[in-house]
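Contents: one structure, followed by commentary.
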Amino acid sequence: MSPGDLLAIAERIVDQAVANEEIEVACSHGRSTTIRAYEGEVESLTTAETHAIGVRVLADGREGFASAGTLDHDVVTDMLAEARDNARFSQTDPHVGIAQPDGVEAVDIDLWRDGVEATPNQDKIDLALELERRVRSADDRITGVRVAAYGDSVGAFALASTAGITASTRATSSSVSVQALALDGERTQTGYAYDGAREPADLDLDRVVDRAVSQTVDLLGSTKPKTATVDLVLDPHLAATVLGLVAGTLTGDRVLKGRSPFVDRVGETVAATGLSFSDDPTDLRSMGADSHDGEGLACRPVPLVEDGVLKGFLHDSYTGRRSGHGSTGSAVRGTRGLPSPGLHALAVRPGAGTLDELIAGVDLGLLVFTLAGLHSGVNPVSGDFSVGVEGRMIRNGQLAEPVNECTIASTLQRLLLDITAIGGEVVHLPSGVSTPPVVIGGVALSGAA
């Protein structure tokens with residue numbers, strides 16, 4: 001279905017609003033393909049089509065929500081009545097309400113590429129098979145590939161509300177990923193890599209192969225390092241992971257609940273003076289780009305940290321009302337869920353130097369390949385950070401022996417303040433994060449005594 005068709009469905013429901021009632025309707029339609037290759041054969045090929053609708057009704061400070069996984073007329077008709085009924089049983093909240101127009105004009109962003117639908121399935125299969133073949137043949141030490149995969153999606157979304165807000169978008173995406181294997185005595189070393197783009201022709205298989213293979217073979221012979229204080233060097237993939245964790249604590253809902261280490265710190269220095277980052281969905285180069293947020297407001301750049309100073313938080317309309325700051329156009333949602341504030345497209349301002357130049361400036365450090373245990377090892381409330389790492393030691397500016405079975409420990413707050421260098425080469429990652437490599441000084445590395 002086209003965005004226009006979806007918008008027509010949403011507007012028909014909104015037109016049924018009665019006095020003193022707010023209605024917001026979101027509709028979506030999507031198709032996806034997933035291909036997995038193993039040992040030169042197609043292990044699986046899956047295609048799926050989804051439809052969804054979500055209806056919010058608000059009256060007298062009460063909110064009701066109903067959703068369905070179909071756009072059939074009879075079901076869609078029932079959604080409004082179901083949402084109204086659910087509102088009767090909800091608690092009153094003076095801050096609840098749909099988003100109101102705020103005068104910010106949406107940036108015209110084209111997220112659609114014809115190549116996803118125009119590429120035959122056989123060509124997509126060939127991409128997955130070629131990726132596996134190239135990884136297996138890239139280095140004699142590679143003993144296998146756990147999985148090589150291709151995936152894509154096309155989708156449309158539309159939203160309408162009684163506040164007069166209407167928004168409709170369509171987007172495409174494609175991706176490849178691979179996990180390489182190499183025997184290391186009785187252990188198996190692995191290396192994972194992926195890439196994403198708007199259409200298959202823009203996928204960079206060379207980069208994926210190089211990263212997966214190098215991270216696998218470079219860990220062969222790795223040992224447990226001695227406990228030390230080191231400088232961490234994070235390439236853009238790992239910098240995105242760490243800075244993404246930080247940005248995830250800067251949402252209005254976490255702040256209002258007191259579940260962020262940065263509560264009441266706006267205007268304070270929270271990071272090294274060279275660090276600046278924002279949420280910028282208006283940058284088409286990002287896979288997180290979008291024209292409208294999950295409540296139909298125009299997306300806009302939202303400064304979070306500028307030259308080390310905390311500038312503010314990400315808000316949807318609800319947390320914006322509660323905090324008194326208003327929405328920052330940062331609502332995220334699935335069609336069948338309620339909106340909440342969240343990150344769209346984290347953008348880190350570059351500094352200077354390549355990754356190799358950053359490594360050359362480190363006396364004793366660790367080039368990190370993987371961070372393990374992020375879900376259990378990071379406390380987003382206190383900021384405590386303790387995770388397993390693998391990588392290559394750096395000695396006198398040169399890559400040295402590979403290491404594993406070690407951990408790094410700090411806090412998110414300390415990691416930000418201890419950033420000593422920011423590279424100049426920004427990589428736009430499939431996650432939507434755009435960041436250069438960074439160096440974090442003075443981190444405790446726990447290994448052998």
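The values are calculated or read from the model by the stated rules, or taken from the named source; none is laboratory data. Note that the structure is predicted; figures quoted are calculated from it, not measured. FYI the Cβ positions are ideal-geometry reconstructions off the backbone, even for glycines, and counts take in every protein chain you see.
Answer with yes or no whether A106 is under 24 Å from G326 (Cα atoms), more than 27 Å from the chain's Cα centre (by Cα) and either surrounded by 17 or more Cβ atoms within 10 Å (Cβ to Cβ) or at pLDDT 95 or above (or both).
no
Of everything in the stretch 378-409, what is crowded, with 19+ Cβ neighbours inside 10 Å and either within 15 Å of V246 (Cβ to Cβ) or not β-branched (V, I, T) (or both)? Give them in sequence order.
Scanning the stretch 378-409 gives V378, G383, F385, V387, E390, G391, R392, M393, P402, N404, C406.
Checking E105 against (1) under 25 Å from M287 (Cα atoms); (2) out of contact with any Ser or Thr (no Cβ under 8 Å at 6 or more places or on another chain); (3) in a helix (DSSP H, G or I), which single condition isn't satisfied?
(3)
Before we move on, is Q91 polar (S, T, N, Q) and at pLDDT 95 or above?
The answer is no for Q91.
For the stretch 151-169, give me each residue that is in contact with a Pro (Cβ under 8 Å, 6 or more places away or on another chain) and either buried (at least 18 other Cβ atoms within 10 Å of the Cβ) or under 30 Å from K224 (Cβ atoms) (or both).
Passing the criteria: D152, A156, F157, A158, A163, I165, S168, T169.
Determine whether the stretch 259-282 contains at least one residue that is surrounded by fewer than 18 Cβ atoms within 10 Å (Cβ to Cβ) and either closer than 30 Å to A10 by Cβ or touching a Cys at 6+ places or on another chain (Cβ under 9 Å) (or both).
No: the stretch 259-282 contains no residue that is surrounded by fewer than 18 Cβ atoms within 10 Å (Cβ to Cβ) and either closer than 30 Å to A10 by Cβ or touching a Cys at 6+ places or on another chain (Cβ under 9 Å) (or both).
Can you find a residue that is assigned to a helix (DSSP H, G or I), over 30 Å from G252 (Cα atoms) and outside the structural domain of Q189 (by TED's automatic domain parsing) anywhere in the stretch 413-421?
no
Can you tell me how many residues in the stretch 191-217 are of a type in the set (D, E) and either surrounded by 20 or more Cβ atoms within 10 Å (Cβ to Cβ) or under 21 Å from the mean Cα position of the chain (by Cα) (or both)?
4
Only residues that are out of contact with any Gly (no Cβ under 7 Å at 6 or more places or on another chain) and either more than 17 Å from Q16 (Cα to Cα) or basic (K, R) (or both): list them for the stretch 64-87, please.
A68, G69, T70, L71, D72
Name the pairs whose Cβ atoms lie under 6 Å apart, with the first residue in the stretch 192-216 and touching a residue at least 40 places away in the same chain (Cβ under 8 Å) and within 19 Å of M287 (Cβ to Cβ), the second among the basic types (K, R) and surrounded by fewer than 22 Cβ atoms within 10 Å (Cβ to Cβ), and 6 or more positions between them or separate chains?
R198/R113; E199/R113
How about the stretch 7-45: which of its residues are under 19 Å from G69 (Cα atoms) and either of a type in the set (D, E) or not assigned by TED's automatic domain parsing to the domain that holds A171 (or both)?
Scanning the stretch 7-45 gives E11, E24.
Each row is one residue, and each column tells you yes or no for (1) out of contact with any Gly (no Cβ under 8 Å at 6 or more places or on another chain); (2) within 21 Å of G103 (Cα to Cα); (3) assigned by TED's automatic domain parsing to the domain that holds S161.
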residue	(1), (2), (3)
L297	no, yes, no
H315	no, yes, no
R322	no, yes, no
G329	yes, yes, no
G337	no, no, no
A347	yes, no, no
G353	no, no, no
G361	no, no, no
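Buried (at least 19 other Cβ atoms within 10 Å of the Cβ), within 30 Å of L284 (Cβ to Cβ) and touching a Ser or Thr at 6+ places or on another chain (Cβ under 8 Å): does that describe A99?
Yes, satisfied.
Going by the conditions given, is G61 without any contact (Cβ under 8 Å) to a residue 24 or more places away in the chain, of a type outside the set (S, T, N, Q) and at positive phi?
Judged against the criteria, G61 is not a match.
Just to be sure, is T188 surrounded by fewer than 22 Cβ atoms within 10 Å (Cβ to Cβ), in the same structural domain as G373 (by TED's automatic domain parsing) and not acidic (D, E)?
No, not satisfied.
Looking only at strands (runs of 3 or more DSSP E) that fall completely inside the stretch 1-78, which ones have 1 or more residues that are under 24 Å from A149 (Cβ atoms) and more than 30 Å from the chain's Cα centre (by Cα)?
Because the criterion is at least 1 residues that are under 24 Å from A149 (Cβ atoms) and more than 30 Å from the chain's Cα centre (by Cα), the strands (runs of 3 or more DSSP E) in the stretch 1-78 that meet it are 41-59.
Restrict the check to the stretch 225-242 and report whether at least one residue is closer than 24 Å to I142 by Cα and either free of Cβ contacts under 8 Å to residues at least 24 places away in the same chain or surrounded by fewer than 18 Cβ atoms within 10 Å (Cβ to Cβ) (or both).
no
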